[in-house]
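Student: Mind looking over this structure? Questions follow.
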Amino acid sequence: MDRGGANLDRVAAALAAFGLPDSLVEAARRLGDEEVLFFGRPPGRVDLLRSISGVTFDAARSRAVPMTLGTHDQVPVIHMDDLIVNKRSAGRPQDLADAAALERLRARRARKG
């Protein structure tokens with residue numbers, strides 16, 4: 001998410017409107033640069049990050065893909081190519097496995113046209 005403080009207030013307001021508990025709304029409002037806030041359970045888990053490795057916010061935002069979450073408005077989600085770069089940059093075993101799985105998915109989609 002954009003790193004500006006005013007944006008954290010907007011994120012907190014959106015999360016409150018979404019129905020998150022006050023404790024998570026306040027955690028979002030105070031989210032530090034290197035912290036992660038997550039809620040929900042896979043496959044519907046949402047991770048909020050203020051920064052990621054390998055990709056700048058502006059670059060990722062320019063390529064973000066709009067997605068609808070339930071009945072709510074569309075939200076920008078990181079493009080698969082940027083997520084792969086991020087996962088490879090993080091370099092942890094699970095991230096590298098995720099990157100490989102995403103690359104296989106991208107290849108299947110490319111073959112389908």
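The values are calculated or read from the model by the stated rules, or taken from the named source; none is laboratory data. Given the structure is predicted, the values throughout are model-derived calculations rather than measurements. With ideal geometry, Cβ positions are generated from the backbone for all residues, glycine too; neighbour counts draw on all protein chains shown.
Student: Quick check on my filter: what residues within segment 60-82 are exposed (fewer than 13 other Cβ atoms within 10 Å of the Cβ), touching a helix residue (DSSP H, G or I) at 6+ places or on another chain (Cβ under 9 Å) and more than 23 Å from Gly19 (Cα to Cα)?
Tutor: Val65
Student: Are any residues in segment 41-61 in contact (Cβ under 8 Å) with a residue 24 or more places away in the chain and within 17 Å of Leu15 (Cα to Cα), and if so, which ones?
Tutor: Leu48, Leu49, Arg50
Student: Further question on the same structure: From the list Ala28, Ala59, which one is aliphatic (A, V, I, L, M), closer than 22 Å to Gly91 by Cα and outside any loop (DSSP other than H, G, I, E, B)?
Tutor: Matching residue, one of Ala28, Ala59: Ala59.
Student: Determine, yes or no, whether Ala59 is over 14 Å from the mean Cα position of the chain (by Cα) and among the aliphatic types (A, V, I, L, M). Walk me through how you get there before you give the answer.
Tutor: On the way: over 14 Å from the mean Cα position of the chain (by Cα): no; among the aliphatic types (A, V, I, L, M): yes.
No.
Student: A further question follows. State the number of residues belonging to segment 83-100 that are part of a helix (DSSP H, G or I) and loosely packed, with under 14 Cβ neighbours inside 10 Å. Walk me through it before giving the result.
Tutor: In the first step, residues of segment 83-100 are kept if they are part of a helix (DSSP H, G or I); the result is 83-90, 93-100.
Among the residues that remain, those that are also loosely packed, with under 14 Cβ neighbours inside 10 Å are: 89, 93-94, 96-97, 100.
Residues meeting the conditions: 6.
Student: How do the pairs read when you match residues in segment 27-40 that are over 13 Å from Ala12 (Cα atoms) with residues anywhere that are assigned to a loop (DSSP other than H, G, I, E, B) and at pLDDT 90 or above, using Cβ under 8 Å and keeping only pairs 6 or more apart or on different chains?
Tutor: Phe39/Leu20
Student: OK, next. Yes or no: Arg50 surrounded by 15 or more Cβ atoms within 10 Å (Cβ to Cβ), more than 23 Å from Arg109 (Cα to Cα) and not acidic (Asp, Glu)?
Tutor: Against the criterion (surrounded by 15 or more Cβ atoms within 10 Å (Cβ to Cβ), more than 23 Å from Arg109 (Cα to Cα) and not acidic (Asp, Glu)), Arg50 qualifies.
Student: Would you point out which residue out of Leu105, Leu48 is among the hydrophobic types (A, V, I, L, M, F, W, C) and assigned to a helix (DSSP H, G or I)?
Tutor: On the way: Leu48 fails: assigned to a helix (DSSP H, G or I).
On inspection, the qualifying residue turns out to be Leu105.
Student: In segment 62-82, which residue that is of a type outside the set (S, T, N, Q) and in a helix (DSSP H, G or I) is farthest from Ala14 (Cα to Cα)? If you could, list the steps in order and put the result at the bottom.
Tutor: Initial filter on segment 62-82 (of a type outside the set (S, T, N, Q)): 63-67, 69-70, 72-73, 75-82.
Next cut, in a helix (DSSP H, G or I) only: 63, 80-82.
Numbers: Arg63: 22, Met80: 24, Asp81: 27, Asp82: 24 Å.
Among them, the one singled out is Asp81.
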